[in-house]
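Engineer: Below are the structure tokens for one structure; questions will follow.
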Amino acid sequence: MSLKKELQNLHNRIDTCKRKLDAAKGRGDQEMISKFTDEIEKLTKKASSVKHKQQYDMNKERKSLQDMPFSREITKAEQADMGKLKKSVKGLVVVHPMTKLGKELRLEVMTGYAPKKF
């Protein structure tokens, strides 16, 4: 399961537990209140761990792209035929500025990173 999906599932479980906790508080059921409070704390801690792992992976990928020796803007003509460009340049990684990685790199335009000049 991907980190994104796992994080979504954790948040869904936290929301469910919070609703059940509110219902238990309304009934005054101390046993259930303590159970759901502990469950929420456990799930929150796990969600925090998954977010940290996600951020770590993003930083690792960003670092590997920045360490590549060559990068430049991808022209409109190259964007139109991306398949041809990727076949001609081995190891090319194209990053769009609207993706998470693009925002992390603070890109303004679509940029290509490669081990050799292209």
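Engineer: Starting at the first residue of region 68-82, write each ³J(HN,Hα) from the Karplus equation 6.51 cos²θ - 1.76 cosθ + 1.60 with θ = phi - 60°, in whole Hz, x for Gly and Pro.
Structural biologist: 5, x, 9, 8, 7, 5, 8, 6, 4, 5, 5, 5, 5, 10, 5
Engineer: So what's the net charge close to A114: Lys and Arg +1, Asp and Glu -1, counting the other residues with Cβ under 9 Å from its Cβ?
Structural biologist: Cβ neighbours under 9 Å give a net charge of +4.
Engineer: Write down the Kirkwood hydrodynamic radius of the chain, to one decimal in angstroms, obtained as one divided by the mean of 1/r over all alpha carbon pairs.
Structural biologist: 17.6 Å
Engineer: Separate question: Give the total of Lys-Lys pairs in region 8-55 with Cα-Cα distances below 26 Å; include a pair only if its members are 8 or more places apart or on different chains.
Structural biologist: Eligible lysine pairs with Cα atoms under 26 Å apart amount to 21.
Engineer: Return the FRET efficiency for the residue pair A77, V109: r is the Cβ-Cβ distance, R0 is 22 Å, and the value is rounded to the nearest 0.05.
Structural biologist: Computed FRET efficiency for A77 and V109: 0.95.
Engineer: If you fit an axis through the alpha-carbon atoms of helix 30-66 and take the longest principal axis of the Cα set of the chain, what angle between them do you get, 0 to 90°, nearest 10?
Structural biologist: Its long axis makes an angle of about 10 degrees.
Engineer: Cross-chain or 8 or more residues apart, Cα under 22 Å: how many lysine pairs in region 68-117 fit that? Count them up, please.
Structural biologist: For region 68-117, the number of qualifying lysine pairs is 17.
Engineer: Here's a follow-up. What per residue convex hull volume, in Å³, do the alpha-carbon atoms of region 68-117 yield?
Structural biologist: Measuring per residue, one finds 76 Å³ for the Cα hull of region 68-117.
Rule-based calculations on the coordinates, nothing more; no lab input. Small disclaimer: the values here were computed from a predicted structure and weren't measured. Cβ sites come from the backbone with ideal geometry, for glycine too, and all protein chains shown count toward neighbours.
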